[in-house]
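Please read the structure below before turning to the comments.
The values are calculated or read from the model by the stated rules, or taken from the named source; none is laboratory data. Predicted model only: the values in this text are computed from it and were never measured. Using ideal geometry, Cβ is built from the backbone for each residue, glycine included, and neighbour counts are taken over all protein chains shown.
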Amino acid sequence: MDADPLVSQHAPGRTPALAPAPRAAQVELRAATLYERGFHCGESVLIAVNETAGGRFPPEVMRLASGFCEGIGGSRCLCGALAGAVMAAGLLAGREAPTDRWEPSYEAAAELRERWIEDQHATTCQEVVDRCGGMELPARWAHCTMLVGRTARWVIEIAEREGWLSDRALTDR
């Protein structure tokens, strides 16, 4: 009988080193974890993307996302995670002067919105909440935890594709 090829490649009693997870997977987990720990959806996305981008912006900048909780101040219109993702894309690719190119951030925002609508089959926070049975139900919390992570992942996927990130990866947290 042949030896298990996975086991035979490693010394007895030693666990093989795992390759680091790609940035997109890391940011997805980090954003979901931040949300579970009490940050709101937009804050979680913005903080996790900023960390993944090497902490380019001070923590005070992350305060921008605080009012987007439950769809802009509880209105349940625009999803806070999507708003945080658009802000994060703007931090990575937005312009600093009127003569700078506006298209990278604009196109990223449009792609994020398209992905969100395709993924959620909805256009508002309220539609997602209703489908989950209400804001306070565990099913909604679980769904939004997943959605927060996924939305942060989309930002990093776009940023990597467009070359907006340095080679600095998110360290283990």
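Which condition does TRP164 not pass, out of (1) under 17 Å from ALA24 (Cβ atoms); (2) free of Cβ contacts under 8 Å to residues at least 60 places away in the same chain, if it passes all the others?
Evaluating TRP164 over (1) under 17 Å from ALA24 (Cβ atoms); (2) free of Cβ contacts under 8 Å to residues at least 60 places away in the same chain leaves (2) as the failure.
Got a sec? Which of ALA81, ALA109 is without any contact (Cβ under 8 Å) to a residue 40 or more places away in the chain and surrounded by 18 or more Cβ atoms within 10 Å (Cβ to Cβ)?
ALA109
A quick yes/no check of all residues on (1) of a type in the set (Asp, Glu); (2) within 23 Å of GLU157 (Cα to Cα):
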position	(1), (2)
GLU60	yes, no
SER66	no, no
GLY74	no, no
MET87	no, yes
GLY94	no, yes
ARG115	no, yes
GLN126	no, no
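Kindly indicate whether any position in the stretch 128-139 is closer than 23 Å to ALA48 by Cβ, surrounded by 17 or more Cβ atoms within 10 Å (Cβ to Cβ) and not hydrophobic (A, V, I, L, M, F, W, C).
no
Would a scan of the stretch 41-60 turn up a residue that is surrounded by fewer than 17 Cβ atoms within 10 Å (Cβ to Cβ), of a type outside the set (Val, Ile, Thr), within 17 Å of HIS143 (Cβ to Cβ) and modelled with pLDDT of 95 or more?
No, the stretch 41-60 contains no residue that is surrounded by fewer than 17 Cβ atoms within 10 Å (Cβ to Cβ), of a type outside the set (Val, Ile, Thr), within 17 Å of HIS143 (Cβ to Cβ) and modelled with pLDDT of 95 or more.
Just checking: which of the helices (runs of 4 or more DSSP H) contained wholly in the stretch 57-173 hold 2 or more residues that are within 15 Å of the chain's Cα centre (by Cα)?
In the stretch 57-173, 80-93, 103-120, 138-162 are the helices (runs of 4 or more DSSP H) which contain 2 or more residues that are within 15 Å of the chain's Cα centre (by Cα).
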